[in-house]
Amino acid sequence: PLIQSNPIQSNRTMKCSVLAFVSFMAISSSSAFVANTGTRRNKQTFVGASKASKHVMKSDDTTSILLASNKNCLSASSRKITQCSMSTTDTDTDTDTDTDNSSSTSTTESYDIVTVDLSQGRDYPIFIGDGFNDEEAGKLLRSHITGNRALLITNDLVAPLYLEKYESLLNNGGDIQIDTLVLPDGEANKTMEVMQLILDKCLELALDRKVTFIALGGGVIGDMVGFASAIYQRGVNFIQIPTTVMAMVDSSVGGKTGVNHPLGKNMIGAFHQPQCVFIDTQNLVSLPDRELQSGIAEVIKYGLIRDAPFFEWLDDNMELLNGRDATALRYAIKRSCESKAEVVKADELEAGLRATLNLGHTFGHAIENGSGYGAWLHGEAVAIGTCMAATMSRKMGWIDDDLVKRIYDIMIKAKCPVELPVDSPMNREVFLKAMSIDKKVANGKLRLILLKGDLGNCLFTGEFDEKAMVETIDEFVAECKGAQ
């Protein structure tokens, strides 16, 4: 039978007063990328492109997970940013379930705290603020360093912008020795060879098991530093300081760490949770537009798979997000972190439910791998992959034309790509080869996250119409150079 998830309960909020914060000048980082210069086609066939498939999912498919729409996430009055409270109170709980999957969120005068609730005392906070003063930031970060040594690791784009600032914040107490390491930037450098530089530095400095690694940067740095901390002396502590939207709403939360392999993205890694995640949205002020849009694609995902009211809010407020409105950004990041925390609490090691966070990722990872790491930003590839998942879901009759159109429309509104350019090297064979070694393959069988039913519902399953998948791939590569 299908496994139905517990409805998400509304968040419990505690309010306490702290010193008012002082905003500091924002500086931001980005990942190096290779621009896709191919002219994009005007896609007109995504709605009603094919008749619904006659495929019927097997009733005994125990690998399928149906995720119910979150009715309690946001009240109807929160759709407009001017009406949206930055904290919520517990007004309704589901008495039909025994498991509390809600995230713990508190709000102070200067920042929010979302707690990732884990077993065995491994809970950790996500601090989310719009401008921390130096004293406040330093105290929060130092309080999560358990030893007297820390290694602050960043890349060569972030270093000129952030390294001196955060090194100073961490050194302010005077009781922790801070060493630094600067790695080359970009997805192309998310490799075992580059990560080895972290381990080399640790041994050169004779760092012991009490050291804390600190990842300062986007998703690439966060993933590599996290993986290095998981394997150095069989595991040391680490802290995430994400500087991109993508890292703030996704990769910094939940303990997935790793590096790429030439044959597959993120195929070498470990689950290793951080001590805390420190998010300052002021760091997004000068983030390149392309990086901002890439991160918004991951934010949209949460609305599609589990939080229909949040999707509606995003649709109403996308112009504010594109314009970097501080209140809108902080709210979107907070709500995304709450969703991620709820899922990680329920399924830390991705036995089923957590896999739903990978909507569009199987197609997207294939695009990243097949196009060459760095040709696409991760969120751009996921945006196209999400459109492919929606198209495939429609072909099987699992969602209607209106929902497919809404997905394309919101991606376009967010300025995310919805199709491959004509100069793309992608073709059917490249897609299928990359997807065959996806991490969601089990016993040789590919499993996908697809949409089914109303907005806010999705399915993680190995029982799907393969013909619909191949037809979807063929449609998306039809005009690509690699398919000619």
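Before moving on, here are some points about what is shown:
- Using the Karplus relation 6.51 cos²θ - 1.76 cosθ + 1.60 with θ = phi - 60°, the per-residue 3J(HN,Hα) values for region 133-143 come to 6, 4, 5, 4, 4, x, 5, 4, 5, 5, 5 Hz, with x marking Gly and Pro.
- As a rough guide to protection, the peptides 250-263, 114-127 ranked by mean Cβ packing within 10 Å, highest first, stand as 250-263, 114-127.
- Neighbour net charge for residue 184 - beta-carbon separation under 15 angstrom, K R +1, D E -1: -4
- As a rough guide to protection, the peptides 237-247, 314-324 ranked by mean Cβ packing within 10 Å, highest first, stand as 237-247, 314-324.
- Of the peptides 292-301, 455-464, 227-236, the order by per-residue mean of other Cβ atoms within 10 Å, starting with the highest, comes out as 292-301, 455-464, 227-236.
- Close amide H contacts of residue 465 (hydrogens built in the peptide plane, cut-off under 5 Å, sequence separation of 5 or more or a different chain): none are found.
- Accessible area ranking (1.4 Å probe, heavy atoms, ligands and nucleic acids excluded), largest first, for 210, 165: 210, 165.
- Label-to-label distance, residue 175 versus residue 478, with points set 7 angstrom from Cα along the beta-carbon direction: 6.6 nm.
- Close amide-amide hydrogen proximity is noted between residue 258 and 224, 227, 270, each under 5 Å apart and 5 or more residues distant or on a separate chain (H modeled in the peptide plane; Pro and chain starts excluded).
- Centroid-to-centroid separation of region 392-437 and region 193-230 [C-alpha atoms, Å]: 36
- Taking the accessible area of region 272-400, probe 1.4 Å, and keeping the other protein chains in place, the carbon and sulfur fraction comes to 45%.
- Projecting the Cα positions of 396, 308, 353 onto the charge dipole of region 299-404 (unit charges on Cβ atoms of Lys, Arg, Asp and Glu, taken about the Cα centre) puts 353 furthest along the positive direction.
The values are calculated or read from the model by the stated rules, or taken from the named source; none is laboratory data. Note that this is a predicted model, so its numbers are computed, not measured. Backbone-built Cβ (ideal geometry, glycine too); neighbour counts: all protein chains shown. What goes into the accessible areas is simple: the full protein's heavy atoms, side chains included, and nothing from ligands, DNA or RNA. Shrake-Rupley method; radii C 1.70, N 1.55, O 1.52, S 1.80 Å.
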